[in-house]
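A quick write-up on the structure given underneath.
The values are calculated or read from the model by the stated rules, or taken from the named source; none is laboratory data. Note that the structure is a prediction, hence the values are computed from the model and not measured. Glycine also receives a Cβ, built like all others from the backbone with ideal geometry; neighbour counts cover every protein chain displayed. These accessible areas exclude ligands, DNA and RNA; they are computed on the full protein's heavy atoms, side chains included. Shrake-Rupley method; radii C 1.70, N 1.55, O 1.52, S 1.80 Å.
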Amino acid sequence: MPSHALLLLSKSYFASGGGVPDLGNWAKKHITAATGTEFIDVACAVVDDIALPDSTSSSPTSSVSLLLVSEDERAKFVKFDDEEDRTISLGRAWKDQGESHRISADEKDNDDASEWDPEGRSWKDILSGTDRGSTLERNLATSAETDFSAAVIVGDRHFGSVDWPTTLLPNAEKVGVLAAETPFLTGRRMTVALNGHMIESGGIALAFRRAFAARHVTRQRLRALAAPDASHLKIDKCQGNILISLDGAPATYALLAQLNGVLEKDQRLSKDVELYGEVFHAGDTVTHADKTASEPFRPVIKVTSGDPGKGSIALNGGYKVSEGDKLRLHYDDPTAVRTPSHTTADLLAGKVTDTTATIAFIKLPPDAKETYASSDQTASRTVVDEAESVVEGLFTAGSETGLVFGRGDSQFKTWLEESIDTTIVARP
């Protein structure tokens, strides 16, 4: 008998008309009726698309994806619902009641942020990341679920401010997808619900006591800036997610030195190319070999800004690094020919004996219909019988914003993968 159900719906699922119902109670009602039991926890969320890993079509589908978990698994839904705006950026105080206040020179010198920071921390602690989490995270830690080894996450991207997945599930390896933005569809910033209760900010995690039997990540469009045998850049100086010095040089200079080498070889690329940093935390083994499923997840974080005047660069989402960590720079190659994502069987070949109960998430372009070739946009879509459209054993979704990853180690933060066509495939 199933004890938990996680239902994902594409944004276009209700496009045929009739309006969007009270999604939380709608999902609970239908799943309860379909399973024949009232004793089932039901979570649902709207995502950008339900995209099969081997699909070549860029058109959104009016589809749903359902993950049912047997009561024998002793799984559990873990939720975090937080309505407070905790956004912070370098050089600005915490947002308080919708207003932002610049940090003056005197405030920096006095190292006093208590007037704006609800946690009462100093600017040095806020910007350097030396403070191990906010008061909220410390309070959440008292409710941590330490008996779970794997989790599927659905929620918003603000875990950079409050890392609830790692705090609540410190020992679970995490894979997940960001919920779609739905203000014009449901009137909510995101639409995520658990047993009829709508979650305004944060998200849900379906936690399993056993680890993933296998998982594999592919990043189809990323190319390394340096040669495969080149040394990784050592982070000499940093403040939180701000990289100040790499390999004894200002971080901007180290980045441009590698980027210019690529631009000289490939005239098709421009300096506006998107860059990513693969983080090797101290203690991780640095290797140049192809990654295998037995290796730990390594964060690949988008480089969002740089200050040539100060020589610093920033990693997106507030992902914090430490001095002594290493970095390998990658770039998104927009000239790469998009190939169909590997099938689930191909991705897990040699890693599992079958593809039953496979989880697959993919990072979509911001607007798939405009990004891909026109021939793909206009490809005819044959309507199939309902029975033929069912894919068993596969729980899948696509996000235009990013995928959620996390290590099964509380010292590593949850992070967001934003590289287009990144695919994660896992099996509980």
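Some points to look at:
- Gain on full stretching of the segment that runs from Asp409 to Arg210 - 0.36 nm per residue minus C-alpha separation: 70.1 nm
- Extension gain, Asp284-Ala227: 0.36 nm per intervening residue step, less the Cα-Cα distance, totals 18.5 nm.
- With all protein chains modelled, accessible area of Arg188 [1.4 Å, Å²]: 70
- Taking a Cβ cut-off of under 11 Å around Leu168, the surrounding Lys, Arg, Asp and Glu residues balance to a net charge of 0, with basic ones at +1 and acidic ones at -1.
- Computed packing ranks the peptides 392-402, 29-39 as 392-402, 29-39, most packed first, by mean other Cβ atoms within 10 Å.
- Residues Ser201, Ser231, Ser70, Ser410, ordered by accessible area of protein heavy atoms at a 1.4 angstrom probe radius and largest first, appear as Ser231, Ser410, Ser70, Ser201.
- Extension reserve of the Glu323-Ser62 stretch, reckoned as 0.36 nm per residue once the Cα distance is removed: 89.3 nm
- Taking other residues whose beta carbon is less than 15 angstrom from the beta carbon of Lys29, and scoring Lys, Arg as +1 and Asp, Glu as -1, yields -2.
- Dipole magnitude of segment 160-268, debye to nearest 20 (Cβ charges: Lys/Arg +1, Asp/Glu -1, about Cα centre): 360
- In loop segments of segment 200-236 as defined by DSSP, the trypsin sites (Lys or Arg not before Pro) with at most 12 further C-beta atoms inside 10 Å of their C-beta are Arg210.
- Counted by Cβ distance under 10 Å from Ile242, the other residues give a net charge of +2, where Lys and Arg count +1 and Asp and Glu count -1.
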